[in-house]
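Bear in mind that the values in this text are calculations on the coordinates, not laboratory data. All values derive from a computational prediction rather than experimental measurement. Here the Cβ is made from the backbone with ideal geometry for all residues, glycine too, and neighbour counts use every protein chain on show.
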């Protein structure tokens, strides 16, 4: 009796909490109302799913990859077997993408989905098969942009603000796992600012426990406002399947990459001429957050703006900076010439300064390592 009573009231409490939470989303003007529990119907995210899933597409790609067998580099071996200097094999792959501009047909996806692309076919939720061309891609962030050709009646998803995410926020992942077709899973934001996965040069991943599997790459991570907040890109999977640790590129990073790709076809990374590192534990223990300036190059934009070694950058354009990687990402993904406002902590004194992003090479000096910006 005690066990039954407990589970009955526990279930009702959970349903009520979900109803109140989901009901706040469903109360938006364009959303159907979530049924009240008094009707006997269980609250659902179906209205949200119906609204966003038409913007998520399946991507099939065909291309060629170079054979890396070292024997093929041996001229005697090639001559004996009458082989060309470079051997290629046909490959095909599938993944996911997200329509972010319905009028122009732009689709965000993961770079590794289209890395060897020669042709791509987009399949929409309503079953249409459309051709797409590659606009550009960026391996360092694992983001690529496709453009659907001659398509009408597309539906795009609005872009959210990934800087406003908190650990514990509810999220939905939509993609094409294992080639099964469009699939929706749900979970939480498990962590923010994940780095050190070794996948790309610019890492600031959203970690989620929403199920992400092979084929989900390039798909959408969506908040309960129906906004895109990440592009699914990777999982930790000792056995090859989902274990509840997936990662997405934050939409703010993807947006910055897309804007440069659409404008110029590529991403040009600028610098301000500093070397940065994470704060020592002693500084963090005092409640300080940010990125520590370890070196300032003479004549660089940072030097001209008055930045000093030992400064701590605590915010960029009023967005808090929590790590050296975050500062590096922001500077590296800003186009040359863009002006940033930096908030500094200099020996306890708060200062602000504006710095224009410089060219990738400053005064003929190339970057010396990952932390150089």
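Panel note: the C-alpha atoms of region 274-356, placed on their principal axes, show extents of 36, 22, 19 Å (largest first).
Label-to-label distance, residue 104 versus residue 150, with points set 7 angstrom from Cα along the beta-carbon direction: 2.1 nm. Each peptide in 50-58, 113-121 gets a packing score, the mean of other Cβ atoms within 10 Å over its residues, and the list from highest to lowest is 50-58, 113-121.
Classify region 162-261 as rounded, prolate or oblate, taking a ≥ b ≥ c as the square roots of the eigenvalues of its Cα gyration tensor: rounded when a/c is under 1.5, otherwise prolate if a/b is larger than b/c and oblate if not. In terms of gyration-tensor shape, rounded. From the alpha carbon centroid of region 205-219 to that of region 133-166 is 16 Å.
Taking other Cβ atoms within 10 Å as a rough exposure proxy, 353, 253 sort from fewest to most as 353, 253. Among 180, 344, 188, sorting on how many other beta-carbon atoms sit within 10 Å of each Cβ, with the fewest leading, yields 180, 188, 344.
Arranged from fewest to most other beta-carbon atoms within 10 Å of their beta carbon, 236, 355, 316, 229 become 236, 316, 355, 229.
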